[in-house]
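Inspection log for the structure reproduced underneath, given as structure tokens.
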Amino acid sequence: MSSKVRTTCPYCGVGCGVTAQMQNAKSSRGNANLIAVSGDVEHPANLGRLCVKGTNLGATMGQSTRLKSPQIDGADVTWPEAVEHVARSIQATIRDHGPDSVAFYLSGQMLTEDYYVANKLMKGFIGSANVDTNSRLCMAAAVAAHKRAFGEDVVPCDYDDLRACDVLVLVGSNAAWAHPILFQQAKARQRAGELKIIVIDPRCTPTAEEADLHLPIVPGADLTLFNGLLAFLHSSGSTDPDYIDRHTRNFQATLATATANAAGIEATAKACGLSTSLLVSFYELFAATEKVITMFSQGVNQSIQGVDQCNAIINCHLATGRIGRPGMGPFSITGQPNAMGGREVGGMANTLAAHLDFDSAAIDKVQRFWNAPAIATKPGLKAVDMFNAVATGQVKFIWIIATNPVASLPDTDFILKALERCPTVVVSDCYADTDTVTVADVKLPAQGWGEKDGTVTNSERCISRQRRLLAPAFAAKADWQIICEVAASMGFGAAFSYQSAAQIFAEHAALSQFENEGERVFNLASLTQLSPGDYDEMRPQRWPIQRKPFADGRFSTADGRAHFMPTPPLHLPQANVAYPFLLNSGRLRDQWHTMSRTSLAETLNQHTPEPRLQINPADAQALGIAPDSLIEVSASTGQAFYLAQVDTAVKTGEVFAPIHWTRAHAGRSVVSTLVPRVVDPISGQPHSKQVSVALRRICDVVWLRGVLFKPVSSKLKQRLLGEVLEPQASYWCVLPGRGGLHFEIACRIDDARQINLELRGLFSQAAWQTLRMGTGVRRQLVTEQGVPKLVCCQAEERNELPAYGQMTGEWYQENDTELPVASTADWRRLAFSDVDLDTSPQICSCFEVSYMDITACISRGTNTVNGLGEMLRCGTNCGSCVPELNRLIATHVDDVDTDPATFGAAEG
Ligand SMILES: Nc1nc2c(c(=O)[nH]1)N[C@H]1C(S)=C(S)[C@@H](COP(=O)(O)OP(=O)(O)OC[C@H]3O[C@@H](n4cnc5c(=O)[nH]c(N)nc54)[C@H](O)[C@@H]3O)O[C@H]1N2
Ligand SMILES: Nc1nc2c(c(=O)[nH]1)N[C@H]1C(S)=C(S)[C@@H](COP(=O)(O)OP(=O)(O)OC[C@H]3O[C@@H](n4cnc5c(=O)[nH]c(N)nc54)[C@H](O)[C@@H]3O)O[C@H]1N2
Ligand code: SF4
Ligand SMILES: [Mo]
């Protein structure tokens, strides 16, 4: 029996509709078979398309790394015991130290219903506002800017606007990778000649490669660039005096500040590191185009002047009256699937609830609505301050839900120590092995995507249902249920007696409507009376319902006018003699954040299988860094290690590292270890994109690469990390791959022997064979009762190591779970085999098409993306790899003999 369920992708803020076709979804115990995931053709966000991450959702449903039971201090307990323990801990902490010694740290990956009850419990019943969320690291700048300019945190644009604009300016956004479906929609319009795309990013990203105009700006100069744009719009007569006069205030002061900062085009261009002609082309295009959207993301938000940067963008739209009308506006794009829902419920420490802050009228309103015994009356601690307070002992109880701060907050070594010192750390997560779960005193297994049920709101304020497809794994509970059970155990049962997510949603909608005479745009009035059936069937709905925010020129400020905000630049942290490089960090195409889910899909691990640092060829040469050599990056807060990716995409003096690597995957390559706890004074958002660092090439290491053959229990993986890699390796990474767990190590020569011994020591009855090959590579095969368990190769140079495929190839042909017993003859054949395996990087993850396939096809004469698609299918599903296909065509179209070894990494 099979059934189709409509749900929503749990990754990015595009919020694509997903159709999941299930087998025995309702009746099966444990994990039903998820057969196929496809785009929901009726969903307004994606109209049927999915990117690679969405397409591979089915492959992330594995259970081996799941948190299987509630635990207290490492011992399994029952749910009632866990709930009782958490409730008593909160009560005792409040009794001894007051409500502000308790904190919740939440996430834009919780559902709205989960978020609502967590916020209600803390701000209405515990009596503190110490609820903050990972949105602080992500959207806080935009939220603060919206509030300052519009009087309310409302994103003025929607996806229909994106489909109607003539110019799309992407600022600090790598949308081709981070919001792929929206970017593909824009690309299609660009190809049809309907749209021009401009990208402002210091890096030449895959998004920038596809742009009509790329402005490779000096990091942090965006404020000056947009101040300059405002001055240009004014001096060229492109502003809208009538709109400014009728609907705004504070234009003159703002213009004066902008003009003082950006004095003349030449000086502005110089400050931005751009040629005058390039800057002028952008300014002129902006001035001449009415339907222009400025879409901005983390390159703008994650800065100590992030709020001002967002306001500088908004100022340009207000000055031209390009807001509230189709096809135009400032568009802060959300990152997480429910970042917007978290903002609706008021999940951040400086909002109370439902777009209401801490003025006395709002406090009174929310207190009466909730019938709250202990309403919070002042803002609580923002994320970085919250963890500072954990470190100083001011916060003594913290409950972390659906986020991994030990990997994602700045200064991770500090965060880890703070949590280790905290008397009670409760973590709700789906997985057992995240960096944060690992240090929790109380671990609570949460239902994940496909198991939980509720709503999320995407970047365009569209509310969609996430629906349950599967029975929950093991003992997992919905986050809202866990929170409500704790609330009930604390004596607040009456206010938390919800029987379903639908009831919570109805209350959330009712609060948005409560005594709201139109002062708050956020109002779900028409959704307060949904029956359980209506809620189950709910189709995607955008708020405000059937209305465009600010269309009438009225804003949510007291005087109804939008406020221009003067945005003088700050002194940004700079590279200096001790730390001469600026480190930038961000996303990769096929991974999601700390990889607890995406790394479970082997195919998603093939695009970038190891931690790499992008560095300009000139800098690499000056430091003696060859492609693939090991680099130590040091900052005031710590060190991290990466393989060199020598690449003109970054300018000299700048380097880029991905955010995805954690202690669970590559413990020496956690980028946030390098980021100091420096935040924007207004929003509290960390300054994550420009960190001063020093680089050093690490020599004198030997390289090991191996595979732990399937099946690999999570215990065995933990032993590999804890006993072998962490204590001995200078650099290491571990990811699931074909045949088993793939690992790579760089270590001092003296430690290699010990590592090889300890690898054998992972198996109680290990037998092993070692071979030294002609090339000097040493191979070790470990078997247990004749069954191969592990193969590991060691070489002096990394490029001498055989690829994973060459180590496992002979054993894994058809069925990679059934291992034939390796005879000595098999082993020798393997060791000396020169099978011509394709080990080049995977470019198209949807159809698993490799670099070698593609370049071979190009060298046979195919020189268009469409042609490659016809021959190999690459690029024909989600389109995420199209920029890379274009680049390969451009670089290889004249090649006769293509050699995969010349591509960055010598192997994938
Ligand atoms: N594949 C994938 N997609 C994701 C996610 C993921 O983990 N993986 N995460 C989601 C989330 S939560 C978020 S918030 C979004 C983030 O989406 P994006 O913001 O698009 O992603 P980032 O890679 O963090 O950063 C964007 C760009 O900012 C640039 N940048 C750095 N400094 C500056 C600067 O000073 N000025 C300008 N103009 N640009 C600068 C960087 O070079 C980078 O290319 O992605 C979402 N989508
Ligand atoms: N240096 C640097 N640092 C950054 C950034 C950057 O660009 N540079 N970007 C920042 C941004 S924008 C963001 S959004 C953050 C993201 O950082 P995090 O939020 O820390 O990253 P995730 O890996 O998404 O963490 C989500 C966790 O929730 C778990 N989970 C998933 N679904 C559920 C659920 O339904 N219930 C529960 N209880 N748990 C669940 C997952 O297993 C995972 O452990 O990182 C920030 N940190
Ligand atoms: S663009 Fe990709 S990751 Fe984002 S919601 Fe759509 S399918 Fe999911
Ligand atoms: Mo984010």
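The figures follow:
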| read-out | value |
| --- | --- |
| Positions within segment 151-168 being surrounded by 21 or more Cβ atoms within 10 Å (Cβ to Cβ), more than 16 Å from residue 344 (Cα to Cα) and either hydroxyl-bearing (Ser, Thr, Tyr) or touching a Ser or Thr at 6+ places or on another chain (Cβ under 7 Å) (or both), in sequence order | 159, 167 |
| Which numbered condition residue 550 misses (of (1) part of a loop (DSSP other than H, G, I, E, B); (2) within 16 Å of ligand 2 (Cβ to nearest atom)) | (2) |
| Lone qualifier among 322, 343 - being buried (at least 24 other Cβ atoms within 10 Å of the Cβ), under 17 Å from residue 562 (Cα atoms) and at pLDDT 95 or above | 322 |
| Close pairs (6 angstrom Cβ cut-off, 6 or more residues apart or separate chains): charged (D, E, K, R) in segment 434-457, within 11 Å of ligand 2 (Cβ to nearest atom) and not in a loop (DSSP other than H, G, I, E, B) anywhere | 435/406; 435/407; 443/427; 443/437 |
| Failed item, numbered, when residue 266 is tested on (1) within 16 Å of ligand 4 (Cβ to nearest atom); (2) more than 21 Å from residue 461 (Cα to Cα) | (1) |
| Sole residue being on the phi > 0 side of the Ramachandran plot and small (Gly, Ala, Ser), chosen from 347, 342, 329, 335 | 329 |
| Boolean, residue 488 is among the aliphatic types (A, V, I, L, M), on the phi < 0 side of the Ramachandran plot, modelled with pLDDT of 95 or more and surrounded by 17 or more Cβ atoms within 10 Å (Cβ to Cβ) | no |
| Selection status of residue 69, modelled with pLDDT under 95 and surrounded by fewer than 22 Cβ atoms within 10 Å (Cβ to Cβ) | no |
| Residue 134 vs. criteria more than 16 Å from ligand 1 (Cβ to nearest atom), closer than 16 Å to residue 342 by Cβ and of a type in the set (S, T, N, Q) | no |
| Whichever residue in segment 500-527 is over 32 Å from the mean Cα position of the chain (by Cα), outside any helix (DSSP H, G or I) and of a type outside the set (D, E, K, R) and, among such residues, is nearest to residue 118 (Cα to Cα) | 514 |
| Residue check, residue 179 within 23 Å of residue 206 (Cβ to Cβ), outside the structural domain of residue 53 (by TED's automatic domain parsing) and either away from ligand 2 (no atom under 16 Å from the Cβ) or touching a residue at least 40 places away in the same chain (Cβ under 8 Å) (or both) | yes |
| Failed item in (1) among the aliphatic types (A, V, I, L, M); (2) more than 16 Å from ligand 2 (Cβ to nearest atom); (3) under 17 Å from the mean Cα position of the chain (by Cα), with residue 600 passing the rest | (2) |
| Residue 535 being assigned to a helix (DSSP H, G or I), at pLDDT 95 or above and outside the structural domain of residue 322 (by TED's automatic domain parsing) | yes |
| Tally, over segment 83-105, of residues that are of a type in the set (A, V, I, L, M), closer than 29 Å to residue 384 by Cβ and crowded, with 20+ Cβ neighbours inside 10 Å | 5 |
| Selection status of residue 655, touching a Lys or Arg at 6+ places or on another chain (Cβ under 6 Å) and either of a type in the set (Val, Ile, Thr) or at pLDDT below 95 (or both) | no |
| Cross-chain or 6+ apart pairs with Cβ under 9 Å, segment 193-222 first and within 16 Å of ligand 2 (Cβ to nearest atom), then acidic (Asp, Glu) | 202/654; 203/654; 207/201; 219/654 |
| Pair list, Cβ under 6 Å, 6 or more apart: segment 399-418 residue among the aromatic types (Phe, Trp, Tyr), other residue away from ligand 1 (no atom under 14 Å from the Cβ) | 399/104; 399/426 |
| Boolean, residue 142 is closer than 29 Å to residue 395 by Cα, within 21 Å of the chain's Cα centre (by Cα) and within 16 Å of ligand 2 (Cβ to nearest atom) | yes |
| Which numbered condition residue 480 misses (of (1) surrounded by fewer than 19 Cβ atoms within 10 Å (Cβ to Cβ); (2) more than 16 Å from ligand 1 (Cβ to nearest atom); (3) touching a residue at least 60 places away in the same chain (Cβ under 8 Å); (4) among the hydrophobic types (A, V, I, L, M, F, W, C)) | (1) |
| Helices (runs of 4 or more DSSP H) within segment 148-231 that include 3 or more residues under 18 Å from residue 458 (Cα atoms) and at pLDDT 95 or above | 159-162, 175-178, 180-191 |
| Matching helices (runs of 4 or more DSSP H) fully within segment 400-463 where at least 2 residues are of a type outside the set (Ser, Thr, Tyr) and over 18 Å from the mean Cα position of the chain (by Cα) | 412-421 |
| Extreme residue, farthest from the chain's Cα centre (by Cα), among residues of segment 364-399 that are crowded, with 18+ Cβ neighbours inside 10 Å and assigned to a loop (DSSP other than H, G, I, E, B) | 372 |
| Condition broken by residue 360, with the remaining ones in (1) without any contact (Cβ under 8 Å) to a residue 24 or more places away in the chain; (2) within 16 Å of ligand 2 (Cβ to nearest atom); (3) among the hydroxyl-bearing types (Ser, Thr, Tyr) satisfied | (2) |
| Test: residue in segment 554-562 that is over 21 Å from residue 145 (Cβ atoms) and either free of Cβ contacts under 8 Å to residues at least 40 places away in the same chain or of a type in the set (Ser, Thr, Tyr) (or both) | no |
| Qualifying helices (runs of 4 or more DSSP H) (wholly inside segment 44-147; at least 3 residues being under 30 Å from residue 323 (Cβ atoms)) | 112-120 |
| Check on residue 384, among the aliphatic types (A, V, I, L, M), over 22 Å from residue 479 (Cα atoms) and within 16 Å of ligand 4 (Cβ to nearest atom) | yes |
| The lone exception for residue 138 - which of (1) touching a helix residue (DSSP H, G or I) at 6+ places or on another chain (Cβ under 6 Å); (2) under 25 Å from residue 114 (Cα atoms) it fails | (1) |
| Segment 137-186, subset of a type in the set (Phe, Trp, Tyr) and under 28 Å from residue 557 (Cβ atoms), residue farthest from ligand 1 (Cβ to nearest atom) | 150 |
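The values are calculated or read from the model by the stated rules, or taken from the named source; none is laboratory data. Remember, it's a predicted structure, so these values are computed and weren't measured experimentally. Methodologically, a virtual Cβ is constructed for each residue, glycine included, from the backbone with ideal geometry; neighbour enumeration extends over all protein chains shown.
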